[in-house]
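Asks: Please read through the structure below; I'll follow up with questions.
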Amino acid sequence: MLKVYGTSMSRAGRALWAAEELGLKFEHIPTGIGEAGSRKPDYLKINPNGHVPAIDDDGTIIWESMAINLYLAEKYGKAPFWPSKVQDRGHAYQWSFWGMTETEQHLLAILANRMFLPKEQRDEQAAVNGVNALKAPFKVLDDHLKNRPYLLGNDFTIADLNVASVLLLATLVGLDTSATPAAKAWLEKCLARDSQQKTRAYK
């Protein structure tokens, strides 16, 4: 049986979301971050980097959240969730990595400096810089979504799940996305899916 290590309040949330969206039977193994969880010797045998998530799919161990999701979608998904055309799969990879490289670091900077770090360690300018840095990628996303309901066309795919799982952080930090209404509506639609709602129960 598939085992998913992590919690919904980490990058493991996107792996749990993918497993729910695919309707998979899996065992959730709660694994926190740090010495009490992902740095324990037993877990380091699974992911020597000491990070979550990781999966054990009947002996196949994979870490890195986007790799996990693309693997699960390819192995267990069907079209349209896992695209049948290689061109569309290329775009699924493109958007998945875009979410990580163009937006996540800025969202994490806002999250850290407005919510997670002790008040004396917060740097409001770093948070402001993160907000400003997100304007360009959100415009790219908004322009792309103006004439289509989802990233690859008419259907919700692994690309949407992966990008929305990153941009979920925007809702946590209260980012104002009113300047990009198509992206805002798309994100709200993705996060309202039953599979995402179920994911939040995995602590």
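Taken together, the values in this text are just the output of simple stated rules run on the coordinates, not laboratory data. Bear in mind the structure is a predicted one, so any value in this text is a computation, not a measurement. Cβ atoms come from the backbone with ideal geometry, glycine included; neighbour counts cover every protein chain shown.
Asks: For a quick check: sort W186, W63 by the number of other beta carbons within 10 angstrom, fewest at the front. Don't skip to the end; give the middle numbers.
Replies: On the way: W186 23, W63 19.
Result, fewest neighbours first: W63, W186.
Asks: Only one of the values [x] 26, 24, 13; [y] 23, 22, 18; [z] 48, 18, 14 was calculated from this structure for semi-axes √(5λ) of the Cα gyration tensor in Å; name its label.
Replies: Calculated semi-axes √(5λ) of the Cα gyration tensor in Å: the matching label is [x].
Asks: Using just the C-alpha positions of segment 86-197 as equal point scatterers, what log10 of I(q)/I(0) does the Debye formula give at each q in 0.12, 0.18, 0.19 1/Å?
Replies: Scattering profile of segment 86-197, log10 relative to I(0): -0.42, -0.88, -0.96.
Asks: Right, next: Of all the Cα-Cα pairs you can form in segment 2-77, what percent are over 18 Å apart? Don't jump to the answer; show the numbers that get you there.
Replies: Details: 817 of 2850 pairs.
Here the long-distance tail beyond 18 Å is 29 percent of all Cα pairs in segment 2-77.
Asks: Next question. Given the options V163, V52, V173, which has the most mean-square fluctuation in a GNM of the chain, springs set between C-alpha atoms less than 10 angstrom apart?
Replies: Highest fluctuation of the listed residues: V173.
Asks: Restricting to bridges with both residues inside the chain, how much of the DSSP beta-bridge set is antiparallel, in percent to the nearest 5?
Replies: Of the beta bridges lying entirely in the chain, close to 65 percent run antiparallel.
Asks: Which value, in debye to the nearest 20, gives the size of the charge dipole of the chain about its Cα centre, when Lys and Arg are +1 and Asp and Glu are -1 at the Cβ?
Replies: Values: 24 positive and 23 negative charges, 41 e Å.
Charge dipole of the chain: 200 debye, to the nearest 20.
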